[in-house]
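The values are calculated or read from the model by the stated rules, or taken from the named source; none is laboratory data. Small disclaimer: the values here were computed from a predicted structure and weren't measured. Counting neighbours? That spans all protein chains shown, and the Cβs are built from the backbone with ideal geometry, glycine included. Accessible surface areas use protein heavy atoms only, side chains included; no ligands, DNA or RNA. Shrake-Rupley method; radii C 1.70, N 1.55, O 1.52, S 1.80 Å.
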Amino acid sequence: MSVFFARRTVAISTFLLSSIGSAVSGGEVDFASDVQPILARRCYACHGPDQQEGSLRFDDRSTLVGEADSGLIPIAPGKAAESELVRRITTKDESERMPPEGKPLSESEVAILIDWIESGANYTSHWAFQPPTQPALPSVTNRVWPQQPLDNFVLARIEGRGLEPASQATAEELVRRVYLDVIGLPPSPETVESLSRNWSHETYQRLVDRLLADPAFGERWARNWLDVVRFAETNSFERDGVKPNAWKYRDYVIHAFSSDKPYDQFIREQIAGDELDTVTDESLTATGYYRLGIWDDEPADPLQAEFDGYDDLVTTTSQAFLALTLNCARCHDHKIDPLTQKDYYGMVAFLRDVTPYGTRGDQRTNSQIDLDPELAKEYDDLAARRRAIERESRQIEQTAIKQMPAADQRATESPGRRKLLSEKLQQYVSAETWEEYSQLQGELEQIDRKKRQLPPRRTVLGLAKLTPRPKQTYVLLRGNPHSDGAAVEPAFPKLLGGGVPPVPTRPEDAHSAGRRRILADWLAANDNWLTARVIVNRIWLHYFGRGIVRSPNNFGLMGEPPTHPQMLDFLATELVRNRWHLKSIHRMILLSSTYQLSSRAAPRLLSEDPANDLFCRQNVRRLSAEQIRDSVLAVTQQLNEQQYGRSMYPALSAEVLASQSRPGSGWEQSSASDQARRSIYIHVKRSLPVPLLSAFDFPETDISCEARFLTTQPGQALSMLNSQWMQQQASALLRRVQRDVGESLPLQAQRCLEVTLARPAEPEDVAELVDLVRRLQDEHDMSQQAAREAMCLVALNLNAFFYLD
């Protein structure tokens with residue numbers, strides 16, 4: 001809002017206020033979840049922490065309940081009709097209406113503010129900036145419906161609106177839903193039929209437990225985490241060089257989720273895996289987290305690039321684990337949340353021992369950890385001796401080259417150098433020098449032979465070299481690394497309790513500064529206000545299409561408030577009570593009545609709760625890019641279920657490869673078998689996204705992705721109908737149905753629908769596919785083979801294949 005309160009005109013009638021408020025609010029207004037988000041979004045820009053026009057701050061109640069510069073009272077607690085704020089947000093006069101830009105407040109927003117003022121205009125702390133509590137289970141009228149404690153929180157809200165939840169999904173719907181949600185692959189129609197025939201609560205519970213124990217669980221859920229930590233295997237920028245062994249971090253995450261590694265341990269290993277009491281190969285691999293970001297190998301301003309690197313780490317760490325936009329306080333205090341520059345640089349100070357990814361000439365020393373130091377020393381000793389011999393050999397060569405004719409001298413500067421030297425070098429050196437040179441070449445051969453006899457070097461991407469005694473950290477004025485302000489020490493954000501922890505003195509031979517262990521322990525502490533809330537919200541997001549908090553990376557004032565704050569706290573405290581085992585939360589959600597709801601709902605439910613804020617039904621959800629590709633491979637029986645290992649490279653067209661500055665650079669050729677592996681194993685090259693995945697909203701990998709877009713756009717149909725890969729899959733599906741049912745067209749059409757949709761085929765759908773084949777043959781002169789492949793392609797493009805429910 002711009003300049004506030006110049007003059008007062010006609011008072012608003014109490015009748016109008018009460019009618020608007022009662023029509024919309026429908027219950028008690030909560031400042032933290034209902035009012036504060038409105039003030040943050042619509043008022044803070046001009047009347048917030050960073051700017052206070054008219055001396056008003058909507059984050060400070062004292063400036064609102066007293067007399068303003070204009071002599072008027074912005075908010076009169078308990079008297080909305082006498083509050084200048086209400087007049088300004090309801091006036092029809094555009095010259096006076098607040099906010100002055102953008103759309104006016106909606107009727108529901110106005111009603112919330114009026115109800116709040118009428119009830120006393122009390123301020124409470126933002127919901128996320130308070131410790132979670134273990135709430136009591138709400139009482140409900142329908143005591144039979146809840147199957148899990150979380151159902152009480154959902155049902156209480158639904159009943160409070162005088163509604164009833166939708167009916168339960170059918171057995172067929174639920175089997176397909178839980179397969180795709182838990183392991184990311186569709187069930188076979190035979191599995192669906194068998195389970196549905198003997199359907200019961202116990203059958204469903206056994207299915208859930210079996211799928212949670214399936215190794216494929218990690219492959220499905222690891223991809224969600226990789227989105228959050230902006231996983232990629234290359235550095236970006238023009239050269240977009242590869243990050244060796246980045247795939248091992250991906251495999252670490254898959255294994256962590258499959259084995260149900262406690263989430264607090266998962267955090268500690270990534271943030272300080274090299275500083276734990278017990279350091280393992282796994283914990284060292286986890287520090288690859290620090291090396292996943294973009295990296296410029298020739299920055300114009302190296303110091304700026306260094307602090308850009310710290311900013312990337314602070315941004316990802318604060319958003320991934322805390323859902324805070326701490327990065328917004330890099331150049332100035334956060335404009336919305338109570339986060340200061342000092343908070344930001346206090347977090348930077350924890351990370352100052354982290355070295356840059358590498359240098360233009362050496363991208364190994366800082367980022368490639370040797371897991372077998374003794375073996376590494378053998379390799380390094382051989383390499384050092386080789387370099388010494390090459391220097392001696394080159395001195396002899398250069399001395400001889402100076403005596404050669406000009407043409408030969410120029411030839412030694414070309415790729416033909418070795419050939420020319422092998423033919424002519426002996427002519428230009430003494431016998432003694434030639435003998436010395438020959439001995440050196442023999443020693444080089446011995447070194448190469450010894451190296452071939454060594455076992456492969458065991459390296460992982462991570463924190464190989466650190467700065468155990470980091471430089472002093474300062475608040476950088478306006479974020480400029482060349483302009484130091486006040487000195488800061490490692491410290492936690494004040495809004496979460498703050499505090500400057502003691503940093504122990506490190507021994508002379510210390511590998512690191514020891515600060516990241518302190519940060520990791522704080523992030524993973526049972527009493528951290530945000531960590532557990534954030535991760536259970538992320539889990540909920542992937543089962544319902546949206547989180548309890550719709551902004552999973554931002555629990556701050558500009559984020560969306562939780563629709564069920566007590567349920568969020570319940571799940572968070574349950575996670576801690578279950579020793580941070582994430583599968584306990586997965587299981588609770590999957591066995592809940594809320595998860596098992598149908599996506600179909602009565603008209604009244606749809607009209608009363610169009611955005612499904614109450615979770616009174618399941619949301620219709622499109623499959624992710626990976627689920628779509630993996631499902632295609634599964635139903636065509638082409639899927640290679642090999643787990644872990646180096647990334648694979650699906651075939652890309654010449655046109656796609658030409659989109660790079662160096663066409664095809666860094667894109668290898670994988671075998672057909674490897675290309676049929678699950679999509680999580682596809683090499684993630686920042687400058688060369690795979691078109692099929694991009695069409696279905698594969699995320700940007702330069703920054704953390706809190707939740708993917710789920711779009712519907714023409715490129716998806718073009719990819720699924722016209723790409724060479726989909727043509728191949730249609731052929732594979734036809735071969736499968738031929739194996740299953742023979743050459744009968746009606747049986748093939750029926751089987752096509754059964755395997756793609758994982759349910760019995762409807763007779764009218766079978767007839768439609770049969771008619772399609774006949775029309776393609778009769779009207780378009782297609783061969784029988786081509787027409788039936790087209791039938792399979794259509795089956796793979798049905799909405800029922802792309803969507804859950």
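Residues checked against (1) open to solvent by less than 30 Å² (accessible area, probe 1.4 Å); (2) basic (Lys, Arg); (3) part of a loop (DSSP other than H, G, I, E, B):
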| residue | (1), (2), (3) |
| --- | --- |
| 265 | no, no, no |
| 274 | yes, no, yes |
| 285 | yes, no, no |
| 299 | no, no, yes |
| 312 | no, no, no |
| 317 | yes, no, no |
| 337 | yes, no, yes |
| 346 | yes, no, no |
| 364 | no, yes, yes |
Check: Which condition breaks for residue 231 when tested against (1) in a loop (DSSP other than H, G, I, E, B); (2) among the hydrophobic types (A, V, I, L, M, F, W, C); (3) under 30 Å from residue 57 (Cβ atoms)?
Finding: (3)
Notebook entry, point to check: Can you tell me which residue in the stretch 251-263 is most open to solvent (accessible area, probe 1.4 Å), limited to those that are part of a helix (DSSP H, G or I) and touching a residue at least 40 places away in the same chain (Cβ under 8 Å)?
Noted result: 255
Margin query: I'd like to verify a number: residues in the stretch 630-667 that are within 30 Å of residue 792 (Cβ to Cβ), of a type outside the set (S, T, N, Q) and part of a loop (DSSP other than H, G, I, E, B), how many?
Written below: 7
Note to self: Could you go through the stretch 773-785 and let me know if any residue there is under 40 Å from the mean Cα position of the chain (by Cα), at negative phi and open to solvent by less than 50 Å² (accessible area, probe 1.4 Å).
What the structure shows: no
Notebook entry, point to check: Can you tell me how many residues in the stretch 515-564 are in a loop (DSSP other than H, G, I, E, B), of a type in the set (Phe, Trp, Tyr) and either over 28 Å from residue 60 (Cα atoms) or open to solvent by 10 Å² or more (accessible area, probe 1.4 Å) (or both)?
Noted result: 1
Notebook entry, point to check: In this structure, is residue 643 in contact with an Asp or Glu (Cβ under 8 Å, 6 or more places away or on another chain), open to solvent by 20 Å² or more (accessible area, probe 1.4 Å) and at pLDDT 95 or above?
Noted result: yes
Notebook entry, point to check: Looking only at the stretch 594-611, which residues are surrounded by 19 or more Cβ atoms within 10 Å (Cβ to Cβ) and small (Gly, Ala, Ser)?
Noted result: 601
Note to self: Just to be sure before I move on: is residue 763 over 20 Å from residue 193 (Cα atoms) and modelled with pLDDT of 95 or more in the structure I sent?
What the structure shows: no
Margin query: I'd like to verify a number: residues in the stretch 743-761 that are free of Cβ contacts under 8 Å to residues at least 40 places away in the same chain, open to solvent by less than 50 Å² (accessible area, probe 1.4 Å) and under 18 Å from residue 636 (Cβ atoms), how many?
Written below: 2
Checklist line | Qualifying residue in the stretch 218-237 (condition: more than 25 Å from residue 619 (Cβ to Cβ) and open to solvent by 10 Å² or more (accessible area, probe 1.4 Å)) | finding: yes
Next item on the list: Check off (1) in a loop (DSSP other than H, G, I, E, B); (2) over 22 Å from the mean Cα position of the chain (by Cα) for residue 570 and give me the number that stays unchecked.
Entry: (1)
Check: Name the residues in the stretch 489-540 that are over 16 Å from residue 319 (Cβ atoms) and of a type in the set (D, E, K, R), would you?
Finding: 489, 494, 506, 508, 509, 515, 516, 517, 521, 527
Note to self: Pairs needed: first member in the stretch 340-364, of a type in the set (Lys, Arg); second member anywhere, outside any loop (DSSP other than H, G, I, E, B); C-beta distance under 7 Å; at least 6 residues apart or different chains.
What the structure shows: 342/475; 342/488; 352/473
Checklist line | residue 614 being assigned to a loop (DSSP other than H, G, I, E, B), open to solvent by less than 10 Å² (accessible area, probe 1.4 Å) and closer than 23 Å to residue 248 by Cα | finding: no
Note to self: Can you list residue pairs whose Cβ atoms sit under 8 Å apart, with the first residue in the stretch 762-784 being within 17 Å of residue 797 (Cβ to Cβ) and the second being in a loop (DSSP other than H, G, I, E, B)? Count only pairs 6 or more apart in sequence or on different chains.
What the structure shows: 776/782
Checklist line | Those residues of the stretch 444-484 which are under 20 Å from residue 332 (Cα atoms) and open to solvent by 30 Å² or more (accessible area, probe 1.4 Å), in sequence order | finding: 472, 474, 477, 478, 480, 482, 483, 484
Checklist line | When residues of the stretch 301-347 are limited to those that are modelled with pLDDT under 95 and of a type in the set (Asp, Glu), the one farthest from the chain's Cα centre (by Cα) | finding: 333
Check: Is there any pair with a first residue in the stretch 640-669 that is farther than 14 Å from residue 686 by Cα and free of Cβ contacts under 8 Å to residues at least 40 places away in the same chain and a second that is of a type in the set (Ser, Thr, Tyr) and surrounded by 14 or more Cβ atoms within 10 Å (Cβ to Cβ) whose Cβ atoms are under 6 Å apart and which are 6 or more apart or on different chains, and what are they?
Finding: 648/670; 648/681; 668/649
Margin query: For the stretch 103-116, check the following and say yes or no: at least one residue is open to solvent by less than 20 Å² (accessible area, probe 1.4 Å), under 22 Å from residue 62 (Cβ atoms), in a helix (DSSP H, G or I) and free of Cβ contacts under 8 Å to residues at least 60 places away in the same chain.
Written below: no
Checklist line | Residue list for the stretch 238-250, filter: among the small types (Gly, Ala, Ser) and surrounded by fewer than 21 Cβ atoms within 10 Å (Cβ to Cβ) | finding: 241
Checklist line | Close pairs (8 angstrom Cβ cut-off, 6 or more residues apart or separate chains): within 15 Å of residue 316 (Cα to Cα) and of a type outside the set (S, T, N, Q) in the stretch 544-564, open to solvent by 10 Å² or more (accessible area, probe 1.4 Å) and part of a loop (DSSP other than H, G, I, E, B) anywhere | finding: 552/706; 552/707
Next item on the list: Output the qualifying pairs, or none if there are none: Cβ atoms under 8 angstrom, residues six or more apart or on different chains, first residue in the stretch 150-167 and farther than 18 Å from residue 607 by Cβ, second residue β-branched (Val, Ile, Thr) and part of a helix (DSSP H, G or I).
Entry: 150/589
Next item on the list: Among the residues of the stretch 204-223, write down those that are closer than 17 Å to residue 631 by Cα and of a type outside the set (A, V, I, L, M, F, W, C).
Entry: 214, 215, 218, 219, 220, 223
Margin query: Every residue in the stretch 366-415 that is surrounded by fewer than 13 Cβ atoms within 10 Å (Cβ to Cβ), part of a loop (DSSP other than H, G, I, E, B) and within 50 Å of the chain's Cα centre (by Cα), please.
Written below: 413, 414, 415
